[in-house]
Amino acid sequence: MSRLSIYQKEAWYDLISVWRTPGFVLPALAFPVVFYVFFGVLFSPSGSSSHAAYMLVTYSCFGIMGPAMFNFAMNIASDRAQGWLTLKRLSPMPVSAYLLAKMATSLVFAMLIILMLFSVAAIFGDVRLERSQWLGLALLLLAGTVPFALIGLLLGLTLSDKAAPGVVNLIYLPMAFLSGLWLPVTMLPSFLQQLAWVWPSYHLSQLGLKLLAMDQGQPWWLHLTILLLFTGILVMINLWIFRRYAGAKS
């Protein structure tokens, strides 16, 4: 079997395994759409399409975060507890295939969420964007899945399978609120607006809003630099933890 076939099969099996878990699939796909319909479409000021467009960006960020964080954190913590991660590490299969398979699954969910939200926004929210804006926003959101997958990986490598779901929720939901994903960040108290800079979700949403000229006015490269630094730090931390884990099991 070629190396490429190994990666393809692992990605397919991981996607099928997750897809057969309704308790994961239904909330991951439904919650962002339901929230956007309520707060971005139905409760928009006088049916404002600009409000619907703004909330499309923020709820899209909210939508892609969840599957990435939960898929990595919960499934890797579970695989560790059951010994599957050790077995995969000792098998001829490269460990990178295991991790990239989970990344591929997260991207599939992200694409589905993006397509559903874009469709709802265009049909029911009367959101009208240039083709380049739709495409640019979709690509940005897909790329933006990576840092949240790395957060999930970090939690999956350090938490027990029982603790992982609760801890992910303790990070995911406050981060979404404090980043201004549920309501415009300008509606938050001033000290919370300053705190928003701590969260990668804030910088991702500001990059998305920049494409629609609805951001807070900071340079795009500043948000991108912070996101890249955050991602790089997470990569180094995860590599260090994984090497320690591998050494302890050898």
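Here, each number is a calculation from the coordinates, and none is a lab measurement. Here the structure is a predicted model, which is why all the values come from computation and not from measurement. Cβ: placed from backbone, ideal geometry, glycine included. Neighbour counts: every protein chain shown.
Scaled against the 2.2 N^0.38 Å expected of a compact globular protein of N residues, the Cα radius of gyration of the chain reads 1.04. On a C-alpha basis, how far is the centre of the stretch 118-145 from the centre of the stretch 158-197 in Å? Whole number, if you could? Centre-to-centre (Cα) distance: 23 Å. Taking the fewest neighbouring Cβ atoms within 10 Å as the starting point, the ordered list for THR145, THR186 is THR186, THR145. Largest GNM mean-square fluctuation across MET65, MET214, MET187, computed for the chain with C-alpha springs under 10 Å, falls on MET187.
Largest first, the extents of the alpha carbon coordinates of the stretch 1-84 on the three principal axes equal 58, 29, 17 Å. The alpha-carbon of LYS162 sits under 17 angstrom from the alpha-carbons of these aspartates and glutamates, leaving out residues fewer than 8 places away in its chain: ASP79.
Please find, in a Gaussian network model of the chain (springs between Cα atoms separated by less than 10 Å), the residue of PHE62, PHE109, PHE43 whose mean-square fluctuation is greatest. Among PHE62, PHE109, PHE43, the largest GNM mean-square fluctuation belongs to PHE43. Normalising by residue count, the stretch 117-250 has a Cα convex hull of 139 Å³ per residue. A simple spin-label model places pseudo-atoms 7 Å from Cα toward Cβ; at VAL95 and SER132 they are separated by 4.3 nm. Give the calculated FRET efficiency between PHE191 and ALA30 to the nearest 0.05, with a Förster radius of 41 Å applied to their Cβ-Cβ distance. After rounding to 0.05, the efficiency reads 0.80.
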